[in-house]
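Asks: Got a structure here, written out as structure tokens. Questions coming.
Only the coordinates and a few stated rules stand behind these numbers; no lab work does. Since we're looking at a predicted model, the values are computed, not measured. Positions of Cβ are generated from backbone atoms using ideal geometry, with glycine treated the same way; all protein chains shown enter the neighbour counts.
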Amino acid sequence: MAVTLLSSNYYKQYWDFAGKLLNQFVEDFSVIYGRGYLTSNFHNLVHVAADVKRFGPLPTISSYPFENKLQHIKRLGNRNGWFLTKNNEIVRYNRASETAGQFVIEGHKILRKKPAFSYPRSAEIIFNYTATIEDLSPEAVRINVCDVKCKFVVVSLDEGVTFHFSPLTHTLQQ
């Protein structure tokens with residue numbers, strides 16, 4: 001209820017009440033779960049009503065729009081199956097198989113790629129590339145899963161012809 005009240009000027013007359021609700025929530029939380037679980041995130045709730053009074057309703061001062069956009073950006077990395085090999089080849093995942101304990105990925109290589117930028121240094125040092133779909137080899141390649149360097153987030157720069165490839169940093173393998 002408190003978050004709803006603090007989310008619109010329409011409920012401005014209830015903002016003090018919303019602050020009391022948040023204070024009560026923080027107090028009850030520490031009693032129910034113990035002070036050891038009361039992190040700074042919970043403590044910060046005590047200050048939200050005052051911030052809303054000073055700066056305006058939550059949607060105008062929060063990071064919700066950015067966090068909402070972040071979930072869409074994260075999905076980009078989960079849907080299109082592109083990766084970089086340890087030989088710095090860009091491959092589009094097609095399927096995977098396992099034979100005698102060896103996991104192999106089948107896919108199609110990009111035959112020509114360019115660094116996404118050159119200033120202040122070449123984008124190659126951080127594995128950022130651009131390539132076109134026309135440069136996707138029709139021939140399938142088989143790659144041992146141990147030869148994968150990282151997974152890519154891929155964004156279309158136009159109507160699905162040219163793509164920007166950027167590594168998901170947490171997937172980088174030595």
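Asks: Using the Karplus curve 6.51 cos²θ - 1.76 cosθ + 1.60 with θ = phi - 60°, what ³J(HN,Hα) values do you get for each residue of the stretch 108-118, in whole Hz, with x for Gly and Pro?
Replies: Residue by residue, the stretch 108-118 yields 10, 7, 7, 7, 9, 9, 10, x, 5, 7, 10 Hz.
Asks: Shifting gears a bit: What is the magnitude of the charge dipole of the chain about its Cα centre, with +1 placed on the Cβ of each Lys and Arg, -1 on the Cβ of each Asp and Glu, and no other charges, expressed in debye to the nearest 20? Before the final figure, lay out the partial values.
Replies: Working: 20 positive and 15 negative charges, 39 e Å.
Value, rounded to 20: 180 debye.
Asks: Where nothing but the Cβ of Lys and Arg (+1) and of Asp and Glu (-1) is charged, how large is the charge dipole of the stretch 79-171 around its Cα centre, in debye to the nearest 20?
Replies: With Lys and Arg at +1 and Asp and Glu at -1, about 240 debye.
Asks: Would you calculate the separation in nanometres between label points at residue 174 and residue 10, each defined as 7 Å from the Cα along the Cα-to-beta-carbon direction?
Replies: Label-label distance for residue 174 and residue 10, simple model: 5.7 nm.
Asks: What is the helix-to-structure angle for 64-79, meaning the angle in degrees between its Cα long axis and the longest Cα principal axis of the chain, kept from 0 to 90 and rounded to the nearest 10?
Replies: Value to nearest ten degrees: 20.
Asks: Go through (1) -0.57, -0.96, -1.27; (2) -0.36, -1.07, -1.36; (3) -0.44, -0.99, -1.24 and flag the label whose value is the computed log10 I(q)/I(0) by the Debye sum over Cα atoms at q = 0.09, 0.17, 0.20 Å⁻¹ for this structure.
Replies: (1)
Asks: Mind running the shape call on the stretch 77-128? Use the C-alpha gyration tensor, a ≥ b ≥ c as the square roots of the eigenvalues: rounded below 1.5 for a/c, prolate if a/b tops b/c, oblate otherwise. Present the calculation step by step, with values, prior to reporting the outcome.
Replies: Values: a/c = 2.81, a/b = 2.43, b/c = 1.15.
Taking the square roots of the gyration eigenvalues as a ≥ b ≥ c, the stretch 77-128 is prolate.
Asks: In a solvent-free Debye calculation with one equal scatterer on each Cα, what is log10 I(q)/I(0) for the stretch 2-62 at q = 0.12, 0.13, 0.24 Å⁻¹, listed in the order of the q values?
Replies: Taken in order of the listed q values, log10 I(q)/I(0) reads -0.29, -0.34, -0.90.
Asks: Report, to one decimal in Å, the Kirkwood hydrodynamic radius for the stretch 99-174 based on all distinct Cα pairs.
Replies: On the way: mean 1/r = 0.0726 Å⁻¹.
It works out to 13.8 Å.
Asks: Find how many whole Å separate the alpha carbon centroid of the stretch 1-62 from the alpha carbon centroid of the stretch 103-174.
Replies: If we compute the Cα centre of each part, the gap is 45 Å.
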